[in-house]
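Written out below as structure tokens is the structure these notes cover.
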Amino acid sequence: MNPKPVIIEEYNEEWPKAFKLIESALSDELDGLVIRIEHVGSTSVPGLAAKPIIDIDVVIESMDYLAKVIKKLDLLGYLHEGDLGIKNREAFARRDIYVPYSSEGNVQYEHHLYVCDEESVELNRHIMFRDILKNNPLLASEYANLKIELSNNFTLNRKAYTEGKTEFVTRVMNDILRHTPKDGIND
């Protein structure tokens, strides 16, 4: 099997619109089970180059609701993949290009879907990193340039591409956490 190439595109105004359409379908089906639905990842940051895949975190109050959420997402065409080694974050794959299913039967934008509880470290990391990039255009530009360079160097090696991004994300997150006052009090 040939690996799927890593392709980075310039920011696309369609990404937030695609998220809203998917969010609407999810909200309708998961009504009452979800606290919020977050657009995370690079496609959620205006102006940021990214792989054209929408990352979505569905936030539930507790993993006690997961069984009901899995059943509802199954109706929309999602397959539960488990936590894939990340606590309090459950991954879902799409059965086909029409997921989430709708009465119109339209092809849906490519996306990754995760269900997290409010305590999920990964959820909070996604949101924190997204917000850092949204509030720091120079850092977002540096990240975009890195992703373009990595995709050029590792077009057919997703693992190496991801490892290169991970170093940047870890450094940024550690810098932010080091400079964040504890309990909101400046020393």
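The values are calculated or read from the model by the stated rules, or taken from the named source; none is laboratory data. If you're wondering where the values come from, they're calculated on a predicted model, not measured in any experiment. As a convention, Cβ positions derive from the backbone with ideal geometry for all residues, glycine included, and neighbour counts pool all protein chains shown.
Scan the range 63-76 and tell me whether some residue there is small (Gly, Ala, Ser) and either touching a Leu at 6+ places or on another chain (Cβ under 8 Å) or in a loop (DSSP other than H, G, I, E, B) (or both). Looking for residues that are small (Gly, Ala, Ser) and either touching a Leu at 6+ places or on another chain (Cβ under 8 Å) or in a loop (DSSP other than H, G, I, E, B) (or both), one finds none in the range 63-76, hence no.
From the set of residues in the range 20-35 that are free of Cβ contacts under 8 Å to residues at least 40 places away in the same chain and of a type in the set (A, V, I, L, M), which is surrounded by the most Cβ atoms within 10 Å (Cβ to Cβ)? Among them, the one singled out is Val34. Within the option set Thr170, Thr155, Thr162, being of a type in the set (Val, Ile, Thr) and more than 17 Å from the chain's Cα centre (by Cα) holds for one residue only, Thr155. Screening Tyr65, Tyr78 for residues that are buried (at least 17 other Cβ atoms within 10 Å of the Cβ), modelled with pLDDT of 95 or more, under 20 Å from Gly105 (Cβ atoms) and aromatic (Phe, Trp, Tyr) leaves exactly one candidate, Tyr78.
Total residues in the range 99-113 satisfying the condition of being hydroxyl-bearing (Ser, Thr, Tyr) and within 19 Å of the chain's Cα centre (by Cα): the figure is 1. Within the range 100-124, residues that are touching a residue at least 24 places away in the same chain (Cβ under 8 Å) and of a type in the set (Ser, Thr, Tyr) reach partners that are in a helix (DSSP H, G or I) and loosely packed, with under 14 Cβ neighbours inside 10 Å with beta carbons closer than 8 Å, at six or more positions or on different chains, in the pairs Tyr101/Leu75; Tyr109/Glu14. Looking only at the range 155-175, decide whether some residue is within 25 Å of Glu61 (Cβ to Cβ), loosely packed, with under 14 Cβ neighbours inside 10 Å and at pLDDT below 95. No, the range 155-175 contains no residue that is within 25 Å of Glu61 (Cβ to Cβ), loosely packed, with under 14 Cβ neighbours inside 10 Å and at pLDDT below 95. Summed over the range 124-138, the residues that are buried (at least 17 other Cβ atoms within 10 Å of the Cβ) and in contact with a helix residue (DSSP H, G or I) (Cβ under 8 Å, 6 or more places away or on another chain) give a count of 4. So, Arg95, is that one among the basic types (Lys, Arg) and closer than 21 Å to Ser27 by Cα or not? Against the criterion (among the basic types (Lys, Arg) and closer than 21 Å to Ser27 by Cα), Arg95 qualifies. Checked against the criterion of being within 13 Å of the chain's Cα centre (by Cα) and without any contact (Cβ under 8 Å) to a residue 60 or more places away in the chain, the candidates Glu38, Glu13, Glu90, Glu81 yield just one match: Glu90. For the range 42-62, a residue qualifies if it is part of a loop (DSSP other than H, G, I, E, B), touching a Lys or Arg at 6+ places or on another chain (Cβ under 7 Å) and within 23 Å of Glu118 (Cβ to Cβ), and exactly one does: Val45. Restricting attention to the range 140-162, the residues that are closer than 19 Å to Glu10 by Cβ, not acidic (Asp, Glu) and not in a loop (DSSP other than H, G, I, E, B) total 13.
Restricting Val107, Val115, Val121 to those that are more than 18 Å from Pro16 (Cα to Cα), surrounded by fewer than 18 Cβ atoms within 10 Å (Cβ to Cβ) and among the β-branched types (Val, Ile, Thr) reduces the list to Val121.
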